[in-house]
């Protein structure tokens, strides 16, 4: 079953409610889901969302504040590959 088919099946049974599409452009598979850019109230917010969604096209960026201790930042860096592997595992919708 394709991702759009899984979405339609889960949505038909009321088991899935997507609140926001985190993309720069509308997805034909998510017809009734508003884009994150649609909720921006100011030009500044829209600009921030555009930057973040543009970076998403390159992967899944992670940010931490400059004040985060080096040891904690190193631990996050070391854990990132495992976290990405978990994200890529298929999740059954039944």
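Structure notes:
- Subset of the range 22-42 (residues that are under 20 Å from residue 11 (Cβ atoms) and assigned to a loop (DSSP other than H, G, I, E, B)): 22, 23, 26, 27, 28, 29, 30, 31, 32, 33, 34
- Any hit, the range 82-91, residues being more than 23 Å from residue 6 (Cβ to Cβ) and either modelled with pLDDT under 85 or part of a loop (DSSP other than H, G, I, E, B) (or both): yes
- Extreme residue, modelled with the highest pLDDT, among residues of the range 42-71 that are over 14 Å from the mean Cα position of the chain (by Cα) and surrounded by 11 or more Cβ atoms within 10 Å (Cβ to Cβ): 68
The values are calculated or read from the model by the stated rules, or taken from the named source; none is laboratory data. For clarity, every value in this text was computed on a predicted model and none was experimentally measured. Neighbour counts run over all protein chains shown; Cβ positions are idealised from the backbone, glycine included.
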